[in-house]
Amino acid sequence: MRSFHPSALGLCVVCVTSVAACSSQDAGTLEIVTGAETDTFTRAPAAVKLEVDAVDSSGNTSTLATTALPATTIDLGSLDETLIDTVQVTATDAANEQVVYGQSVPFELGILQGATAPIFVQRTGDLARMPGPLPDARSQPVLAIFEGRFLLVSGGSDATQAMQTQIYDFASFAPLASPPLLTLAPVSSAFFGTVGLFIDAGGNAIFYDFSSSTPDAATPPVGDTFADIAGGATVVATDGTQYIVGATRTTGTATDAVLFIDATGTLSWLTLSAPRLGAAATWIAGRGLVVAGGSATANGVEVLSPGATMGTALAYLPDDTTGAGATALDTEHILLAGGLTGAGADPGVRSIDLITCETTCSPVAWPALPAPLVSAEAFSSDASDAVVIGDDASATTHVYVLAATAPTTELDTRVPLSGARAVVSPVGSVVLFGGATVVESFVPFVP
């Protein structure tokens, strides 16, 4: 699970000299792959210059090489083998606007010695099919990222597939062979290290260690039960701790239970200010878990601060929207999009100022979605731009690009998707999977 694997797809950028010594054994290859897309570099406006950068853990960037396109090789020069960096590949057009982007997971540059490291690149602001389709096309999967490298697919609407996992490796950009079979069909999951917590619709739960392929029974902490959060989405905090928010589930009974998982895997219960069903939830740095909607009577927004055991309701009118997506725009604002009100209407796209909402609160409307989404997930790229991914009433998945001051646009998925779910990947993108075997990827217009 740790080695790089060459890919046969895409443009190959060869590192002629990747280490201080220069021999055929020392040469390494960065292989730029474009998945199933054939026009990544040539689509108008065409890419004319390529740059390869290394970014360290502190965010410091150093340029390894630049070259005019088209090209087949590029010399990266002498690299410090001991450095652990993320390698980024960008391409710009004739107007010096970035049109292609991709990055690796962090790795020790010395691994390039005599090896090949693939990097998937795609057009910015668009969808692309990643290399290595998965073996099945399950709808409504449960997605999770673990070890900063792997996408874990489990659950789904097809009971015959729900216990079988699939694992996509963002180092090799390919699925792993022989992924494990679980002993239950998850509707919620969370990870600490290589250990996953999986909860089924009946509230049964297991821990599964992917490093040793061993399952173990999971016992809830004293208080609520796993059934109180089954089906809830997992929100990951900036420090890596996680919250399974029962109130985000769209079926079953309303609940105020939140399961907190710390970095060691210790479980504890937290409580919202009111039971909710179908609420939206997101993490906002410096404030904590924000939960919105899902109740016709409770305040429309509440915040569960880091270290707190109970949520604090804000001065926002009750909001019975279910199925909306939420994302943090900055440290003070969240965006809500998608879902349906109790009357079955589209509630509109709106941003909420959490500071103002401590005393009085009015949402700020953004341009509307082209069509209602029954369920949605939202991801922001900055304070004024976001992408919303969700299903309409027929379970067809749509992808909408939102801006505070521009009309919403729809991106066509590269293949028809149904019941797709999305998650932030370890390589700077949002990835979608569901209803087709391909994993689709979206990157914003990277500055």
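The values are calculated or read from the model by the stated rules, or taken from the named source; none is laboratory data. Predicted model, so just to flag it, every value in this text is computed and none were measured. Virtual Cβ from ideal backbone geometry, glycine too; neighbours counted across all protein chains shown.
For segment 147-161, a residue qualifies if it is of a type in the set (A, V, I, L, M, F, W, C) and within 17 Å of Phe210 (Cα to Cα), and the qualifying residues are Phe150, Leu151, Leu152, Val153.
Residue by residue, here is whether (1) surrounded by 23 or more Cβ atoms within 10 Å (Cβ to Cβ); (2) modelled with pLDDT under 95; (3) farther than 17 Å from Ala386 by Cα holds:
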site	(1), (2), (3)
Val290	yes, no, yes
Asp330	no, no, no
Leu336	yes, no, no
Gly339	yes, no, no
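Give Ser268, Ser273 a once-over and let me know the one that is closer than 28 Å to Phe207 by Cα, at pLDDT 95 or above and either assigned to a strand (DSSP E or B) or not assigned by TED's automatic domain parsing to the domain that holds Phe191 (or both). I'd like the intermediate steps shown before the answer.
Numbers: Ser273 fails: closer than 28 Å to Phe207 by Cα.
Result: Ser268 is the single residue among Ser268, Ser273 that is closer than 28 Å to Phe207 by Cα, at pLDDT 95 or above and either assigned to a strand (DSSP E or B) or not assigned by TED's automatic domain parsing to the domain that holds Phe191 (or both).
For the criterion of being over 25 Å from Cys357 (Cα atoms) and either assigned by TED's automatic domain parsing to the domain that holds Val301 or not hydroxyl-bearing (Ser, Thr, Tyr) (or both), Thr255 fails.
Taken over segment 301-317, the criterion of being surrounded by 24 or more Cβ atoms within 10 Å (Cβ to Cβ) and touching a helix residue (DSSP H, G or I) at 6+ places or on another chain (Cβ under 9 Å) is satisfied by Val301 alone.
Scanning segment 331-366 for residues that are of a type in the set (D, E, K, R) and in contact with an Asp or Glu (Cβ under 8 Å, 6 or more places away or on another chain) yields Glu332, Asp353. Checking each residue in segment 53-90 for being surrounded by 11 or more Cβ atoms within 10 Å (Cβ to Cβ) and within 15 Å of Gly428 (Cβ to Cβ) picks out Asp53, Ala54, Val55, Thr61, Asp85, Thr86, Val87, Gln88, Val89, Thr90.
Restricting Thr397, Thr356 to residues that are of a type in the set (Ser, Thr, Tyr) and more than 20 Å from the chain's Cα centre (by Cα) narrows the list to Thr356. Of all residues in segment 299-315, those that are of a type in the set (A, V, I, L, M) have Cβ atoms under 9 Å from Cβ atoms of residues that are assigned to a strand (DSSP E or B) and surrounded by fewer than 16 Cβ atoms within 10 Å (Cβ to Cβ), 6 or more apart or on another chain, in Val303/Thr312; Leu304/Met310; Leu304/Thr312.
Quick one: which strands (runs of 3 or more DSSP E) lie wholly within segment 155-244 and hold at least 3 residues that are of a type outside the set (Val, Ile, Thr), more than 29 Å from Ala378 (Cα to Cα) and in the same structural domain as Val423 (by TED's automatic domain parsing)? In segment 155-244, 214-217 are the strands (runs of 3 or more DSSP E) which contain 3 or more residues that are of a type outside the set (Val, Ile, Thr), more than 29 Å from Ala378 (Cα to Cα) and in the same structural domain as Val423 (by TED's automatic domain parsing). Asp382 - would you say it is at pLDDT below 95 and under 21 Å from Ala324 (Cβ atoms)? Spelling it out, Asp382 is indeed at pLDDT below 95 and under 21 Å from Ala324 (Cβ atoms).
Checking Asp346 against (1) more than 20 Å from Val142 (Cβ to Cβ); (2) acidic (Asp, Glu); (3) assigned to a strand (DSSP E or B), only one condition comes out false. Which one? Among (1) more than 20 Å from Val142 (Cβ to Cβ); (2) acidic (Asp, Glu); (3) assigned to a strand (DSSP E or B), Asp346 violates only (3). Restricting the search to segment 245-265, which residues are acidic (Asp, Glu) and not in a loop (DSSP other than H, G, I, E, B)? If the condition is that a residue be acidic (Asp, Glu) and not in a loop (DSSP other than H, G, I, E, B), then Asp256 is the only one that fits.
Being over 29 Å from Ala315 (Cβ atoms), at pLDDT 95 or above and either of a type in the set (Val, Ile, Thr) or assigned by TED's automatic domain parsing to the domain that holds Thr282 (or both), is that true of even one residue in segment 350-369?
We begin by selecting, within segment 350-369, every residue over 29 Å from Ala315 (Cβ atoms); these are none.
No - not one qualifying residue is present in segment 350-369.
The residue of segment 385-399 that is nearest to Ser375 (Cα to Cα), among those that are buried (at least 22 other Cβ atoms within 10 Å of the Cβ) and in contact (Cβ under 8 Å) with a residue 60 or more places away in the chain, is Gly390.
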